[in-house]
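The values are calculated or read from the model by the stated rules, or taken from the named source; none is laboratory data. These numbers were taken from a predicted model, which means no experiment stands behind them. Counting neighbours? That spans all protein chains shown, and the Cβs are built from the backbone with ideal geometry, glycine included. We work out accessible area using only protein heavy atoms, side chains counted, and drop any ligands, DNA or RNA first. Shrake-Rupley method; radii C 1.70, N 1.55, O 1.52, S 1.80 Å.
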Amino acid sequence: MRLSEILSKPPTLEFKQVEGFLKEKKLAMGKQKKIQVGRIALNYFCKNCADVRTFCSGEEIYCIGVNGHLVSIDCVLTCHCGASVQIWFLVDCEEEISGRAPKVRVLKRTEKLSPDALLNTEQYGEFSELLEKAQRAHREGLGAGAIVYLRKIFEKITVQTADAAEISYTKYEGGNPKNFSDLLKRVDERCSIIPREFSANGYKLFRELSNIVHGEYNEELALQKYESLHRLIIGILDNVKNNKELMTAIDSLGWVEVGTND
């Protein structure tokens, strides 16, 4: 496996073995070196192409030494149309990173998007920005911060669905959780926004998000739970978007068709 394959996937705590890329020579702190590890390829929404595209790096990328087991990697990924994303990785090694077959993982990944590129969540309209912020916070190691955005999405989609379905309710706006529990129950009974796989635990999901936001869990646990909670929130968004009974209320829900956002 080449390093590019690791860099082309979401960061993980698991170490994986790759071909040596420093030719068994230590890279001193702050020293820069060109390395050839294959093309890095990640998907982003390209506003020029009005679709999700694979952005790729060149054959050579820059590597900067941090210490014996850490390196920083900087490169630019481009779409075939010229849209670009600047990206930075912090790569950790189980032992010496200059070894012949090091076992590595990506500790952090940070993107600087150009005006023509967005994270691959554009299909969720106005919720794309909140999803993007959640993902960024998670990649920066801010577990509770990432969960705040997921809870906001859950609250917002529930309230907007209630409005679209003309369900009367006591104003919630981040207030009394009992009000939200009642609202969620009535919205789900009418519109089935919670995927059937966990339909009995819709409010439990909200409590889980709230416990993390209000400090019931530590930061490390928030990071551990993030991926699962993120997937459940995506499931709700997909469920609402694909619900035929709600398609006529798309405008009031705030959905934006892919490619129409300027």
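See the values below:
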quantity: Residue tally, condition at pLDDT below 85 and in contact with a Leu (Cβ under 6 Å, 6 or more places away or on another chain), over the range 128-149; calculated: 1
quantity: Residue tally, condition aliphatic (A, V, I, L, M), at pLDDT 90 or above and under 23 Å from the mean Cα position of the chain (by Cα), over the range 39-70; calculated: 3
quantity: Options K152, K241, K156; residue that is within 23 Å of Q135 (Cα to Cα), in contact with a Leu (Cβ under 9 Å, 6 or more places away or on another chain), modelled with pLDDT under 85 and part of a helix (DSSP H, G or I); calculated: K241
quantity: Any hit, the range 95-105, residues being without any contact (Cβ under 8 Å) to a residue 24 or more places away in the chain, touching a strand residue (DSSP E or B) at 6+ places or on another chain (Cβ under 6 Å), open to solvent by 10 Å² or more (accessible area, probe 1.4 Å) and not β-branched (V, I, T); calculated: no
quantity: Number of the condition not met by S168 [criteria: (1) in a helix (DSSP H, G or I); (2) more than 27 Å from the chain's Cα centre (by Cα); (3) modelled with pLDDT under 85]; calculated: (1)
quantity: Single unsatisfied condition, T121 versus (1) open to solvent by less than 10 Å² (accessible area, probe 1.4 Å); (2) modelled with pLDDT under 90; calculated: (1)
quantity: Considering residues of the range 76-94 that are open to solvent by 40 Å² or more (accessible area, probe 1.4 Å) and either among the hydroxyl-bearing types (S, T, Y) or assigned to a loop (DSSP other than H, G, I, E, B) (or both) only, the residue farthest from G125 (Cα to Cα); calculated: E94
